[in-house]
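Here is the structure we will look at, set down as structure tokens.
Values quoted throughout were computed directly from the atomic coordinates according to the rules given, and no laboratory measurement underlies them. In this text the structure is predicted, and so the values were computed from the model without any measurement. Note: ideal-geometry Cβ built from the backbone for every residue, glycine included; neighbour counts use all protein chains shown.
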Amino acid sequence: MSKRILRNLLLGAFLSASFISLYAQEETTVRTFNAVTTAVPSLQISPSARAAGMADVGVSTTPDVNSQYYNPAKYAFLSSKAGVTFSYTPWLAKLVRDIKLMELSGYFKLGAEGNQALSASLRYFSLGAVRLFNESANFLREAHPNEFAVDFGYSLQITPDYSMAVALRYIRSDQNIEAESSAGNAFAADIAGYLTKYFVLGDSEPLWTFGFNIKNVGTKISYGGSSNSMFIPTNMSLGTGILYPFDDYNAFSLNLEMNKLLVPTRHQDDQKDPEGSAKRRDEYQKTSSIGGIFKSFGDAPGGFKEELEEISLGVGGEYSYNNRFFLRAGYHYQSPNKGNLQYFTLGAGFKMNVFSIDASYLLSTVQSNPLDQTLRFTLSFDMDGIRNLLR
């Protein structure tokens, strides 16, 4: 097997294994499986154990130091001057042991009023060691495919209840299969907003939140000088939630979130119409990244029904005691025709003035999901707490 074939097989396996769960079907059941695929799929992996414990819901949850990935506009509402966090996720651990995602992120509040913030994150996704062989089955070398992204954000509290943010991102994806091949590079931007409102309900004053984030709006990416460029995972997140305080110590929040990839759907080839299939492939390749965003709302072969199937839903809850101890749970649903990622999540957290630690666990509700039993860990530090401790 040539190195070129191995490269294509590796990329295909990565795309499918990472985000398309394998599920059993009865022979009498007919499904039209047509998942939306992109390059650099690791950009869709949720890094924060807090959000992962609530089914990857994060665009409208209360602000924390991990907000850069989910909604950087939330940073403007944080009271602490600065914070930093590190997340670690062993990925596809049921299949292999050396695939992992690591992310370092943080923020710093600006100005005396504290209504604006700078933020940044650095993420590295490693596919581990891949052994390469030639057509005679002789070992050639080990490849180390990886994906890397770095971004910077700015958030501003426009009113006492509403903030917005922008983030700029550099993306690099290196398959590392052929020595002469070059890595793919892309640039992208996010735009996000976050709204909070207190309201009276009986004797309590719950907090209502709403958030949105349109992320990874940017260039397409190609590998090794190829003319066939691929879309990066441009995504739209919308969410809302309520934080209800039972008393001075106990509170519960419930959040609902929807996500949709703003990427065109690739039409399946029709063996009875090879010319039409070739024309559709050519049109897909020629579609620009911005054009693909608008096209993604009405290009599904199955019409409006299939467009609705491209929306994934998540619901997550968080119980907190004295803002120190946290228990979390959630459920995520994705159409069987668009990836079939359906799972429950559990999580827990512990917070002190100086640091907080969170963990989450994923339980798949469909058969043969390689993400089943995925663990995530996050360690965060509050710079104000550290400064007060050192005084």
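Exposed loop sites here mean chymotrypsin sites (Phe, Trp or Tyr not before Pro) with a DSSP loop assignment and at most 14 other beta-carbon atoms within 10 Å; the chain contains its longest site-free run at 34-198. Over the C-alpha trace of the stretch 71-173, radius of gyration and Dmax come out as 19.6, 68 angstrom. Among the listed pairs 305/338; 94/338; 260/305; 74/197; 286/338; 215/260, those whose Cα-Cα separation exceeds 18 Å are 94/338; 286/338. For the pair residue 344 and residue 94 in one chain, pulling the backbone fully straight at 0.36 nm per residue adds 88.3 nm over the alpha carbon distance. Ellipticity at 222 nm from helices only: DSSP H runs of n ≥ 4 in the chain, each -39500 (n - 2.57), divided by the residue count, give -4000 deg cm²/dmol.
For the chain, the dipole from Cβ point charges (+1 on Lys and Arg, -1 on Asp and Glu) about the Cα centre works out to 780 debye, to the nearest 20. On the principal axes of its alpha-carbon atoms, the chain has extents of 68, 45, 37 Å, going from largest to smallest.
Restricting the calculation to alpha carbons of the stretch 245-314 gives Rg and Dmax of 19.4, 68 angstrom.
Between the helical axis of 3-19 and the longest alpha-carbon principal axis of the chain there is an angle of about 40 degrees.
For residue 131 and residue 387, FRET efficiency with R0 = 41 Å and r from the beta-carbon atoms, rounded to 0.05?
So the FRET efficiency works out to roughly 0.25.
List the relative contact order of the stretch 47-390 as a percent without decimals, with contacts defined as Cα pairs under 8 Å and 6+ residues apart. Relative contact order, the stretch 47-390: 19 percent.
What base-10 log of the normalised intensity I(q)/I(0) is obtained for the stretch 182-266 from the Debye formula, alpha carbons as equal point scatterers, at q = 0.11, 0.12, 0.13 Å⁻¹? Taken in order of the listed q values, log10 I(q)/I(0) reads -0.50, -0.55, -0.60.
Taking other residues whose beta carbon is less than 14 angstrom from the beta carbon of residue 348, and scoring Lys, Arg as +1 and Asp, Glu as -1, yields +3. Out of every Cα-Cα pair that the stretch 269-381 contains, those further apart than 16 angstrom amount to 73 percent.
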